[in-house]
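*Asks:* Submitted below is the structure of interest, expressed as structure tokens.
Each reported figure results from applying straightforward, stated rules to the coordinates on display, with no laboratory input. For clarity, every value in this text was computed on a predicted model and none was experimentally measured. Using ideal geometry, Cβ is built from the backbone for each residue, glycine included, and neighbour counts are taken over all protein chains shown.
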Amino acid sequence: MGQYQIVVVVGSLRRDSINKKLADALTRLAPPEFSFRQLQIGDLPLYNQDDDANQAEPVKRIKSEIRAAAGLIFVTPEYNRSMPGVLKNALDNASRPYGDSAWAGKPAGVVGASIGTIGSAAAQQHLRNVLAYLDVPTLGQPEVFIQVKEGFFDAAGNFASADTAKFLQGWMDRYVLWVKQHAG
């Protein structure tokens, strides 16, 4: 395991998710002192404030994994011009009860992909608004709004275009510095 353990939150549950593929390819661009663990969010109950005093085991699990992490990467698709419900549910569950947020202070990066031309821009903006409220210092630049077309990934799951790989390497380099600057 790397010195900096990063939790990756993919906002899609789909088996063949392009955002899962993006997360996997992106994390391969990190230096060896960084390791990654995808946060499993598909088994979380719908957030209900009545459950704050007795949170479900999956909620306790993700809160523990988030707290143990040096940083976060959010990889989100866009559903109806916003973030997916499963991602918002994970944000809500791990931020409660009020005053016991697992997210607070964790440096984060936000990226996303879509088959649409705006490449998850609206979803990322909504996500950034929530992260700001949750006190998550979020890398502002460069922004990553990716439109995925046929041939975006090669057979090994890496970025097929050298220009795309170079751009995303630049994002990862900035993210690494962001985490090192903010991680306790």
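*Asks:* Using θ = phi - 60° and the Karplus relation 6.51 cos²θ - 1.76 cosθ + 1.60, list the HN-Hα couplings for segment 7-21 in order, rounded to whole Hz, with x at every Gly or Pro.
*Replies:* Ordered by residue, 3J(HN,Hα) equals 8, 9, 10, 9, x, 9, 9, 4, 4, 9, 4, 5, 6, 5, 5 Hz.
*Asks:* Cα gyration tensor of segment 1-101, axes a ≥ b ≥ c as square roots of the eigenvalues: rounded (a/c below 1.5), prolate (a/b > b/c) or oblate?
*Replies:* Oblate shape, in that a/c is at least 1.5 and b/c is the bigger or equal ratio.
*Asks:* Can you run phi through the Karplus equation (6.51, -1.76, 1.60; θ = phi - 60°) for segment 40-50 and list ³J(HN,Hα) in whole Hz, with x for Gly and Pro?
*Replies:* 7, 10, x, 9, 6, x, 4, 4, 9, 4, 4
*Asks:* OK, next. Amide H to amide H under 5 Å from Ile73: which residues, 5+ apart in sequence or cross-chain, H placed 1.01 Å off N in plane?
*Replies:* Val7, Val8, Val9, Gly109
*Asks:* For every other residue with a beta carbon closer than 13 angstrom to the beta carbon of Phe153, add +1 if it is Lys or Arg and -1 if Asp or Glu, then tell me the sum.
*Replies:* Taking every other residue near Phe153 into account, the sum is 0.
*Asks:* Let me ask you something else. Relative contact order of segment 18-90: what whole-number percent is it, with Cα pairs under 8 angstrom and at least 6 residues apart? Could you put the intermediate results ahead of the total?
*Replies:* Working: 32 pairs, mean separation 28.9, N = 73.
Result for segment 18-90 is 40 percent.
*Asks:* Further, regarding this structure: Does segment 70-184 classify as rounded, prolate or oblate by the C-alpha gyration tensor (a ≥ b ≥ c root eigenvalues; a/c under 1.5 gives rounded; else a/b over b/c gives prolate, otherwise oblate)?
*Replies:* Oblate.
*Asks:* Sticking with this structure for a sec: What are the residues whose amide H is under 5 Å from the amide H of Gly105, where those residues sit 5 or more places off or on another chain and H is modelled from the backbone?
*Replies:* Amide H neighbours of Gly105, under 5 Å, 5+ apart: Val136.
*Asks:* Separate question: Which pairs in the list Lys20/Lys166; Lys106/Lys149; Lys21/Lys166; Lys63/Lys166; Lys88/Lys166 are over 27 Å apart, alpha-carbon to alpha-carbon?
*Replies:* Lys106/Lys149; Lys63/Lys166; Lys88/Lys166
*Asks:* Using helices alone, what [θ] at 222 nm do you get for the chain, with -39,500 (n - 2.57) per DSSP H run of 4 or more residues, divided over all residues and rounded to the nearest 500?
*Replies:* Value at 222 nm, helices only, nearest 500: -11500 deg cm²/dmol.
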